[in-house]
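Reading through the structure tokens given below for one structure.
The values are calculated or read from the model by the stated rules, or taken from the named source; none is laboratory data. As the structure is a computational prediction, the values presented were derived from the model and not from experiment. Counting neighbours? That spans all protein chains shown, and the Cβs are built from the backbone with ideal geometry, glycine included. These area figures cover heavy atoms from the full protein model, side chains too; ligands, DNA and RNA do not enter into them. Shrake-Rupley method; radii C 1.70, N 1.55, O 1.52, S 1.80 Å.
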Amino acid sequence: MNKEKRIVLTGFMGVGKSSVARHVAHMIRTRSVDLDHVIEENEKMSIAQIVDSKGESAFREIETTNLGRILNDTDTRVLSLGGGAWTMPENREMLKSSGYTSVWLEATFEHCWLNITFSRKDRPLAREKQKAITLFEERQKVYCLADWHFIIRPGQTSYEVAKQIMEEIFG
Ligand code: S3P
């Protein structure tokens, strides 16, 4: 098993990136890092507060700065992104040059939407279903730039997805 590999999980809001990352990290005896969580800690504001008060493009700059900070920490091996971080070419390049293997977790829109509506996380870009559908469709073409692609089957748990990632990527 190649435990030295670094992986980054991307995919649409509500697909389960953070939970899958936690399971993968546990399996290789490390901790996962969640970009949104790091942003909230460093900025002392929630993601929703940042987007609502400063706007989405300011949020994207903050996101890139914080991603850079994480990548400077060479101990991080399992990273989960917010669903929009992968859409920024600069972020993709930084991740690649830092040696990360990227993984797109894909599920149907309805699967993501169900999780979005049941979650306590306030997602400013997914407060309206129609807007979220449009974003979901637009982003397929950038998510598919990831090195790996896992489709989450109905009923599959985040633990099962993590196990599959372990078997196929970490070998
Ligand atoms: C966003 C996804 C969110 C968070 C922010 C913007 C997006 O993270 O970064 O609300 O643009 O897709 P999750 O994918 O963890 O919900």
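Does PHE59 satisfy being among the aromatic types (Phe, Trp, Tyr), at pLDDT 95 or above and touching a Lys or Arg at 6+ places or on another chain (Cβ under 9 Å)?
Numbers: among the aromatic types (Phe, Trp, Tyr): yes; at pLDDT 95 or above: yes; touching a Lys or Arg at 6+ places or on another chain (Cβ under 9 Å): no.
In short, no.
Being of a type in the set (Val, Ile, Thr) and open to solvent by less than 30 Å² (accessible area, probe 1.4 Å) is the filter; apply it to region 2-32 and report the residue that is farthest from the ligand (Cβ to nearest atom).
From region 2-32, those of a type in the set (Val, Ile, Thr) are 7-8, 10, 15, 20, 24, 28, 30; that's our starting set.
Keeping just the survivors that are open to solvent by less than 30 Å² (accessible area, probe 1.4 Å) gives 7-8, 10, 15, 20, 24, 28.
Numbers: ILE7: 16, VAL8: 13, THR10: 9, VAL15: 7, VAL20: 11, VAL24: 16, ILE28: 21 Å.
That would be ILE28.
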Positions within region 76-107 being open to solvent by 40 Å² or more (accessible area, probe 1.4 Å) and without any contact (Cβ under 8 Å) to a residue 40 or more places away in the chain, in sequence order: MET88, PRO89, GLU90, GLU93, MET94, LYS96, SER97
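Taking the options ASN115, ASN91, name whichever one is at pLDDT 95 or above and either part of a strand (DSSP E or B) or farther than 25 Å from MET27 by Cα (or both).
ASN91
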Matching residues in region 33-53 - criterion: being more than 9 Å from the ligand (Cβ to nearest atom), within 30 Å of LYS141 (Cβ to Cβ) and not in a helix (DSSP H, G or I): VAL33, SER46
Region 99-149, subset away from the ligand (no atom under 12 Å from the Cβ) and of a type in the set (D, E, K, R), residue nearest to the chain's Cα centre (by Cα): GLU106
Those residues of region 115-153 which are in contact (Cβ under 8 Å) with a residue 60 or more places away in the chain and touching a strand residue (DSSP E or B) at 6+ places or on another chain (Cβ under 7 Å), in sequence order: TYR143, ALA146, ILE152
Identity of the residue in region 54-66, within 11 Å of the ligand (Cβ to nearest atom) and of a type in the set (A, V, I, L, M, F, W, C), that ends up farthest from GLU41 (Cα to Cα): PHE59
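With the structure loaded, tell me whether LYS54 is in contact with a helix residue (DSSP H, G or I) (Cβ under 9 Å, 6 or more places away or on another chain), closer than 24 Å to ARG127 by Cβ and open to solvent by 10 Å² or more (accessible area, probe 1.4 Å) or whether it fails that test.
Details: in contact with a helix residue (DSSP H, G or I) (Cβ under 9 Å, 6 or more places away or on another chain): yes; closer than 24 Å to ARG127 by Cβ: yes; open to solvent by 10 Å² or more (accessible area, probe 1.4 Å): yes.
The answer is yes for LYS54.
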